[in-house]
């Protein structure tokens, strides 16, 4: 997780979220809290920049203090370059930090039995054991991991830092370049990471055609998107097919699958059912699912999508 000097959720409400990334405080849209009230209205005056939505795809940042073109924050040994974009994003989804820690520990072969079996009120889990037996199935003793819709590389870097071989796939070349800069900042420039700028469905189909095999898959699919050559992604239409192909890529050797989602209507239970139906009966595993949240300085929880993890009972 992030330490308080690197990231803090200061407040949220009325369709906005107030966050501090390093030394800069940003006020950004958050439709999920449209009906919530702000807990500390006065704190919003400290925002260094405010993102204003526009009717078209892009909006604009209104800066009360001059922001650098780029700045960095840290999460453990990982470093991330941040910058304000025309879409209100800055290159990081802090709710994913818990998943990065989980992925890193899983790759190292650490026991996560206690963490996996702790199910909150909004979580569900299938019965089964969570401990892995042994490490890596790839050459050199490394786990081979496929990271789809990989964005600026948080999961990729967490896995690589823990010793995995990673194939990082994102459709946007500029985002892949951003992820590579994060790898350099994190002293992982020479880590076994293959960087691919390509549509996720197309990439997986190609890997299946060449009989590639992976030990784990990480997915963070958007509701809607486009590939480099105009390929259209619709989560409601394409996610079941993609999950089935990922099951084929890991057939007989899957260690884990991590699926995160921010699409309305795809809650923990629905995603868990989809993943459960995907995995073949020939390999037993356990599913843990929960709502990702961020906790504000006042102790309020901001729901921030869902995560489902399938973990092999044994391999």
Within the bounds of the range 28-37, is there any residue that is closer than 18 Å to residue 300 by Cα and either assigned to a strand (DSSP E or B) or touching a helix residue (DSSP H, G or I) at 6+ places or on another chain (Cβ under 7 Å) (or both)?
yes
So if I check each of 223, 197, 211, which one is modelled with pLDDT under 95, assigned by TED's automatic domain parsing to the domain that holds residue 260 and surrounded by fewer than 20 Cβ atoms within 10 Å (Cβ to Cβ)?
223
For the range 226-240, name all the residues that are under 24 Å from residue 310 (Cβ atoms), under 20 Å from the mean Cα position of the chain (by Cα) and surrounded by fewer than 18 Cβ atoms within 10 Å (Cβ to Cβ).
234, 236, 238, 240
Determine if the range 257-270 includes at least one residue that is surrounded by fewer than 22 Cβ atoms within 10 Å (Cβ to Cβ) and over 21 Å from residue 93 (Cβ atoms).
yes
Determine if the range 56-63 includes at least one residue that is at pLDDT 95 or above, closer than 16 Å to residue 91 by Cβ and outside the structural domain of residue 183 (by TED's automatic domain parsing).
no
Between 72, 120, which is touching a strand residue (DSSP E or B) at 6+ places or on another chain (Cβ under 9 Å), over 30 Å from residue 253 (Cβ atoms) and at pLDDT below 50?
120
Looking at (1) part of a loop (DSSP other than H, G, I, E, B); (2) closer than 18 Å to residue 257 by Cβ; (3) at pLDDT 95 or above, can you tell me which one residue 132 breaks?
(3)
Single residue of the range 135-170 satisfying the filter (at pLDDT 95 or above and out of contact with any helix residue (DSSP H, G or I) (no Cβ under 7 Å at 6 or more places or on another chain)) that is surrounded by the most Cβ atoms within 10 Å (Cβ to Cβ):
160
In the range 153-194, which residue that is assigned to a loop (DSSP other than H, G, I, E, B) and either free of Cβ contacts under 8 Å to residues at least 24 places away in the same chain or outside the structural domain of residue 226 (by TED's automatic domain parsing) (or both) is farthest from residue 76 (Cα to Cα)?
190
With criteria (1) free of Cβ contacts under 8 Å to residues at least 24 places away in the same chain; (2) crowded, with 17+ Cβ neighbours inside 10 Å, residue 285 comes up short on (1)
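The values are calculated or read from the model by the stated rules, or taken from the named source; none is laboratory data. All values reported here derive from a predicted model rather than from experimental measurement. Positions of Cβ are generated from backbone atoms using ideal geometry, with glycine treated the same way; all protein chains shown enter the neighbour counts.
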